[in-house]
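Following: one structure in structure tokens, then a few remarks.
What follows is calculated from the coordinates using simple rules that are stated; it is not laboratory data. None of the values given here were measured: they were computed from a predicted structure. Reconstructed Cβ throughout: ideal geometry from the backbone, glycine too, with neighbour counts over all protein chains shown.
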Amino acid sequence: MTRLSIVRTLILILIAGAVVGIGRFAYESAQGAGAGYSAVLLTTGDIYFAKVVGEQGHYTMLRDIYYPQVAQNADGTQAQDVQIVKFGNELHGPKDEIRVNRDHIFMIQPLRSDSRVLETIAEYKASQK
């Protein structure tokens, strides 16, 4: 191979890599920022309703997070109602972001637009305005 053909081959490889990288970035951006809510079920039994916004290393990033909480009766017993609670209002004041180790994610289920969970989230957001 001549020096010119080696340079051309390297340039083509760089261009192909750039195209693949840009395509992947665009796809992940569309899936993350523009995607709706998902139910993220963990191997611990916890569940979060959140926007899956991407991956960093071995972690999946969640934002705009809610979780179910069983209501308590006055006598301390569990009520029949399950509430959806906004993440970030806990005593320790966490940011509304969780990095979950992918090894602990059992399943991610995108929520339908007519989901009761999404209705509850919309009601919560409307009440905060």
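One table, with the values for the structure above:
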| item | result |
| --- | --- |
| Among 111, 62, 82 the positive-end extreme of the charge dipole of segment 57-129 (Cβ point charges) | 62 |
| Added length on full extension, which subtracts the Cα-Cα distance from 0.36 nm per residue, residue 13 to residue 103 | 29.1 nm |
| Point-to-point label distance, residue 39-residue 91, nm (Cα→Cβ direction, 7 Å offset) | 3.0 |
| Proximal lysines relative to residue 51, as straight alpha-carbon distance under 19 Å, when same-chain residues fewer than 8 apart are discounted | 86, 95, 125 |
